Amino acid sequence: MRARLIRVWSIPAFLAVLLTGCAGNKSILDPAGRAAADVALVWWGMAGFFSLVLIMVVALGLYSFRRRSRPKLSALEEKRLARRFILGGGVLLPVATIGVLLIFGVPAGQRMLPVPLGTPPDVIQVTGHQWWWEVRYPGAEGGEVVTANQLVMPAGEPVDFHVTGADVIHSFWIPRLGGKIDMIPGHINRIRLEADSPGVFGAQCAEFCGTQHAHMQLYVEAMERSDYEAWLAERQAAKLETLAVQSDAHAPAREVFVEYCARCHRVAGLTVPDSQWELAPIQGPDLSDIGARPTLGAGVLAMEEGAIGYWLEHHQQLKPGNRMPAHLALEPPALQAIGDWLETLSP
């Protein structure tokens, strides 16, 4: 009796575990935008139809094992029966299935194309690096806004994303907002997505791009238009320049940053000697508003007090192979001082 109860309850328990994949901030089955809803509808249709086909095939297989005797067929009848299976299962079924899939799938894909609209949507440029995200807002009033590993967009309206890769092929994917698109070096791809309402969504590089591919996550937040405009205004160059140098207590940390870090990272408002630019162009994330970002290392660490200093000291252990070299010339207190200063860069 006990074993029977275990078997009875195991089925709903298994289904409950299975259905947990239908929710979450990276689930395509929990859409938060029109494009994602179209994708989810196509997926559910495919899953339902192919489940029905599987059940039919299994049922026919079981039925064939239960038959005790086979009717005797002539060679001509066997040939006709074989032809029916080939034409029905090998030609008609696939053609009908693919045809229905295209009828629903092609319009769903077309709705993500950046076709001309009466009022042009906002454009956000996203560049994939090994292994972090560069996000630019070229149309922001007062000048271009640049950030990293976070993407803020207006809710309730379409947004055009122009994506590319800086080094290898990456893939831009916000599962709850729509389909994915490749980020190819030297080429710009475009996709249109829309969030139905304000919310926070997870995004992930969907193309294997190296050893830390799994640690290339993107924080995405949709805001009301007024909040979005305010977010951009807080990151205008003039405000960030003032923010970077407003505290004399962090002046020593800024000097060390300029000497060791400004070869690869930018902070608005810091004056960098020309010799630094000659040694190496800017390759790492823009840090002008790093204190306001939710994570470090593209999702490796949560942003909290002391996190930046810890990252600077242990980044090669936390994210092996990332392109920031180990800071062997700096002692832990100096790294923590830089981290403390960077944490203040929050508009």
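Coordinate-derived values only; no laboratory data. All figures in this text were calculated on a predicted structure; none of them were measured in a lab. Here Cβ is always computed from backbone atoms with ideal geometry, including for glycine, and neighbour counts include all displayed protein chains.
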*Round to the nearest 10 and give me the degree value, 0 to 90, for the angle of helix 93-110's Cα axis relative to the longest principal axis of the chain.*
30
_Residue-by-residue Karplus 3J(HN,Hα) for segment 44-50, coefficients 6.51, -1.76, 1.60, Hz, glycine and proline x_ = 4, x, 4, 4, x, 5, 6
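Report the equivalent ellipsoid semi-axes for segment 171-228 in whole Å, largest first, defined as the square roots of five times the eigenvalues of the gyration tensor built from alpha carbon atoms.
Working: eigenvalues 107, 40, 18 Å².
Largest first, segment 171-228 gives 23, 14, 10 Å.
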*In Hz, Karplus ³J(HN,Hα) per residue of segment 168-181 (6.51, -1.76, 1.60; θ = phi - 60°; x = Gly, Pro)*: 10, 6, 10, 9, 8, 8, 10, x, 7, 10, x, x, 9, 8
*Euclidean distance of C-alpha centroids, segment 78-152 and segment 294-318, integer Å*: 33
*How far apart, in nm, are two points set 7 Å out from the Cα along the Cα-to-Cβ line at Ala233 and at Val123?*
2.5
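How high is the relative contact order of segment 286-347, in percent, counting Cα pairs under 8 Å that sit 6 or more residues apart?
Details: 67 pairs, mean separation 28.7, N = 62.
Across segment 286-347, relative contact order equals 46 percent.
Set the Förster radius R0 to 51 Å, insert the Cβ-Cβ distance between Leu92 and Asp248 as r into 1/(1 + (r/R0)^6), and round the FRET efficiency to 0.05. Don't skip to the end; give the middle numbers.
Numbers: r = 79 Å, r/R0 = 1.55.
Step by step, r from the Cβ atoms, then E = 0.05.
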_Rounded to whole Hz, the Karplus (6.51, -1.76, 1.60) HN-Hα couplings of segment 266-272, x for glycine and proline_ = 10, 10, 4, x, 8, 8, 10
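Counting other Cβ atoms within 10 Å of each Cβ, which GluC sites (Glu not before Pro) in segment 282-347 have at most 15 and sit in a DSSP loop?
For GluC sites (Glu not before Pro) across segment 282-347 that sit outside H, G, I, E and B with at most 15 neighbouring Cβ atoms in 10 Å, the list reads Glu304, Glu305.
When only C-alpha pairs under 8 Å and at least 6 residues apart count, what is the relative contact order of the chain, in percent? Walk me through the intermediate numbers first.
Details: 569 pairs, mean separation 53.5, N = 347.
Reported relative contact order: 15 percent.
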*Distance-filtered residues of segment 80-100 - backbone nitrogen under 18 Å, label point 7 angstrom along Ala59 Cα→Cβ*: 89, 93
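Calculate the FRET efficiency for Leu52 and Val168 from the Cβ-Cβ distance with a Förster distance of 30 Å, rounded to the nearest 0.05.
E(calc), rounded to 0.05, equals 0.15.
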*Starting from segment 81-188, pick out the GluC sites (Glu not before Pro) whose DSSP state is loop and whose Cβ has at most 10 other Cβ atoms within 10 Å.*
Glu141
*Can you tell me the 0 to 90 degree angle between the C-alpha axis of helix 332-343 and the longest principal axis of the chain, rounded to 10?*
80
*asked:* At 7 Å along Cα-to-Cβ for each site, give me the label-to-label distance between Ala292 and Thr211 in nm.
replied: 3.5
*asked:* Starting from the 7 Å offset along Cα-to-Cβ, what nm value, one decimal, do you get for the label separation of Glu331 and Arg84?
replied: 8.8
*What is the set of long-range amide H partners of Leu301 at a cut-off below 5 Å, with H atoms built 1.01 Å from backbone N?*
Leu296
*What is the set of long-range amide H partners of Ser288 at a cut-off below 5 Å, with H atoms built 1.01 Å from backbone N?*
Ala268
*What's the angle, to the nearest 10 degrees (0 to 90), between helix 2-19's Cα axis and the longest principal axis of the chain?*
50
_Largest first, please: the extent of the C-alpha atoms of the chain along each principal axis, to the nearest Å._
96, 59, 38
